[in-house]
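The values are calculated or read from the model by the stated rules, or taken from the named source; none is laboratory data. Here the structure is a predicted model, which means the values were calculated and not measured. Reconstructed Cβ throughout: ideal geometry from the backbone, glycine too, with neighbour counts over all protein chains shown.
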Amino acid sequence: MVKRATILFGVTVVMLAGCGLDPLVWGNLTDDEFKQPPAAGTNTVSGIASALGTGATAQFYGPAGKLLEGRSASTAEGGTFSVEFPAAEAFENLVVTVATSSANLLGIVPQVPAKETVYDASINVSLGTDLPADDGTARAVPFMDDLGARSTAATLLLLAKQRYANPASTLATVSPSALVSALEEIETLIGGDDARLMPFVAMVDRITAAGATTGPAFRPFAKDADSYLDATALAATTDYDNDGSADSSSAAFDAALMVAIGALEFNVCYSQDAIRVVFMVDFNEGGVDRNCSTINRWKWTTDDADSSMFIVGSLHESTPNCDSGDPAPCLTNETFDTASQLLGNWEPNTVPMYDDGTNGDEVAGDNIWTLAVVLPWWTDAEAEANGRNKWVRAKYKYTWGTPGHLWTGTEEWPGNARILELRDVNGDHMIVRRDFYGDETTNKDVSNLLAPNKGGCGTVLFAAENEAAVAEGTRKETCANDTLENMVDFDKDCVLDGYPSPGTSSPVTVPCPE
């Protein structure tokens, strides 16, 4: 378990070097002399939608349906298009739409990797070709070399397979490799004229035929009860189900799609030794703490020019340690240290958070700052099977400063840390913690200001330590201990409303066993 986690963190550090950890490599971490790394530049994604010709618009969406602003292009002669992506950020399982005023086609881009360093050459990704393997060969991505009826049908099948899964999911939960394997499965089924798949494929063929639609007919990210087919975009004479009568509804299409996805056997498997942890901090004025009091963001923090949000922390020293003789599940010192570096290992103002719609941030400019990292983890079942009640633990806080600045005037409060136990409370295969900057009433450990009538006992403890203290009679059972992923008071009425969105982050997936 630990060995695989260590490998994963090594990859994560390399991947993040261009999107948040560059200062650890390029910067001189002093308060008065700090050098920003050179810009990473751009990577390019190119494709073809020859059926739509010149002047169509190509747009890209994240796997959960978020439009990637600024990532669009008009098709040139032959339906070719090319779009630049920031090279400092990796993208996976993008959905591309190419549309005119009267039609649209769909496709998938399994991965656009980040450059490992700013000095590497830019990466060019062509639709239909996956990235080269170690031996230099490239794996073909079925249907995507020229977007058309087959790419559209395959994309809709994969989107619907996830949407109607139990529980419902998105392409964000599928690894790029698994996605290509699923497309290969669809290719095999079509090649064998599978009776469950072919009626739906034939319908897409007819809908994408010239003159069959008067507008973009396919909704790649249908919401609520909506169909993936917008029947209002069908031409008056279009008979997509080939029953001899023109169709004015999506009923036949929807029924055929449900039968078709039943033919697909690909599954999603989640990592059992690593989990994505999403830290979010609300820096808006007027935040309300658990005492229902307005938070003063500037109690300890100075608002200097050019300041932005950083996170600083490490794994918590009470995390079970294999090298110290703790029984499994546990972490080695190497894994502990590697993971702690992702949070800056208590070097302030070195690991930036994001409020620009990238790197897991959901909405640019809303003053809710985000950072997503992959940390070691084990399941509740593993801990319970070994008679343990301790999980991987982290401690952290937020700073508002500029790169390389020291603690004074930049931290949300001195002498304390926030603590978090890595347990997937709501079962979404991620841990999402959303805080208010400067809140001294939630998971602040040493001097917690939650009022006694709200359950405040001056400190917060992890579950195991709290149980022991209660058993010893040194702590009340009613003490509040906010040390897990949390529900949030979205409307500031002092009532917790629900779990926060993970933004654009997705769970860590692995290839499923054969």
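Some observations on this one:
- Lone unmet requirement of (1) of a type in the set (Gly, Ala, Ser); (2) buried (at least 20 other Cβ atoms within 10 Å of the Cβ); (3) closer than 29 Å to GLY427 by Cα for ALA88: (3)
Matching residues to (1) more than 28 Å from ALA64 (Cβ to Cβ); (2) over 32 Å from the mean Cα position of the chain (by Cα); (3) in a loop (DSSP other than H, G, I, E, B); (4) among the charged types (D, E, K, R):
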position	(1), (2), (3), (4)
PRO216	no, no, yes, no
ALA222	no, no, yes, no
ALA225	no, no, yes, no
THR232	no, yes, no, no
THR237	yes, yes, yes, no
ASP243	yes, yes, yes, yes
ALA246	yes, yes, yes, no
ASP254	no, no, no, yes
LEU257	no, no, no, no
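- ASN242 fulfils the conditions (1) farther than 30 Å from VAL510 by Cβ; (2) buried (at least 16 other Cβ atoms within 10 Å of the Cβ) except for a single criterion, (2).
- The listed residue being out of contact with any Cys (no Cβ under 6 Å at 6 or more places or on another chain), of a type outside the set (D, E, K, R), outside the structural domain of THR358 (by TED's automatic domain parsing) and not in a loop (DSSP other than H, G, I, E, B), out of GLY78, GLY55: GLY78
- Here GLY313 passes the criteria (1) at pLDDT 95 or above; (2) in a loop (DSSP other than H, G, I, E, B); (3) of a type outside the set (Phe, Trp, Tyr); (4) surrounded by 13 or more Cβ atoms within 10 Å (Cβ to Cβ) except the one numbered (2).
- Matching residues in the stretch 396-411 - criterion: being under 26 Å from the mean Cα position of the chain (by Cα) and either crowded, with 21+ Cβ neighbours inside 10 Å or not assigned by TED's automatic domain parsing to the domain that holds TRP300 (or both): TYR396, LYS397, TYR398, THR399, TRP400, GLY401
- Positions within the stretch 461-504 being aromatic (Phe, Trp, Tyr) and closer than 12 Å to VAL432 by Cβ, in sequence order: TYR499
- Residue that is nearest to SER505 (Cα to Cα), among those in the stretch 159-177 that are touching a strand residue (DSSP E or B) at 6+ places or on another chain (Cβ under 7 Å) and part of a helix (DSSP H, G or I): ALA172
- Pairs where the first residue, in the stretch 245-265, is touching a residue at least 60 places away in the same chain (Cβ under 8 Å) and buried (at least 16 other Cβ atoms within 10 Å of the Cβ) and the second is of a type outside the set (Asp, Glu) and assigned to a loop (DSSP other than H, G, I, E, B), C-beta under 8 Å, 6+ apart: LEU257/TYR228; ALA260/ARG196; ALA260/LEU197; ILE261/TYR164; ALA263/ARG196; ALA263/LEU197
- Filter result (hydroxyl-bearing (Ser, Thr, Tyr) and modelled with pLDDT of 95 or more) within the stretch 73-117: SER74, THR75, THR80, SER82, THR97, THR100, SER101, SER102
- Positions within the stretch 328-362 being hydroxyl-bearing (Ser, Thr, Tyr) and either assigned by TED's automatic domain parsing to the domain that holds PHE91 or closer than 20 Å to ALA87 by Cβ (or both), in sequence order: TYR354, THR358
- If the condition is being within 20 Å of VAL425 (Cβ to Cβ) and within 18 Å of the chain's Cα centre (by Cα), then the stretch 464-508 contributes GLU485, ASN486, TYR499, PRO500, SER501, PRO502, GLY503, SER505, SER506, PRO507, VAL508.
- Residue count for the stretch 58-75, restricted to those that are part of a strand (DSSP E or B), in contact with an Asp or Glu (Cβ under 9 Å, 6 or more places away or on another chain) and under 19 Å from LYS223 (Cβ atoms): 0.
- The stretch 118-138 - residue that is at pLDDT below 80 and part of a strand (DSSP E or B) and, of those, surrounded by the most Cβ atoms within 10 Å (Cβ to Cβ): ASP130
- Checked against the criteria, ALA383 counts as in contact (Cβ under 8 Å) with a residue 12 or more places away in the chain, of a type in the set (Gly, Ala, Ser) and farther than 19 Å from MET280 by Cβ.
- Residues of the stretch 325-351 that turn out to be charged (D, E, K, R), free of Cβ contacts under 8 Å to residues at least 60 places away in the same chain and not in a helix (DSSP H, G or I), as a count: 1
- Residue within the stretch 354-362 that is of a type in the set (S, T, N, Q) and touching a His at 6+ places or on another chain (Cβ under 9 Å) present: no
- Output for the stretch 147-179, where each listed residue is among the β-branched types (Val, Ile, Thr) and surrounded by fewer than 21 Cβ atoms within 10 Å (Cβ to Cβ): THR170
- Test: residue in the stretch 457-465 that is buried (at least 21 other Cβ atoms within 10 Å of the Cβ), within 21 Å of ASN349 (Cβ to Cβ) and in the same structural domain as ALA339 (by TED's automatic domain parsing): no
- Test: LEU496 is buried (at least 18 other Cβ atoms within 10 Å of the Cβ) and either among the aliphatic types (A, V, I, L, M) or not in a strand (DSSP E or B) (or both): no
- Residue match in the stretch 415-437 (condition: more than 30 Å from ASN166 (Cβ to Cβ) and either basic (Lys, Arg) or in a helix (DSSP H, G or I) (or both)): yes
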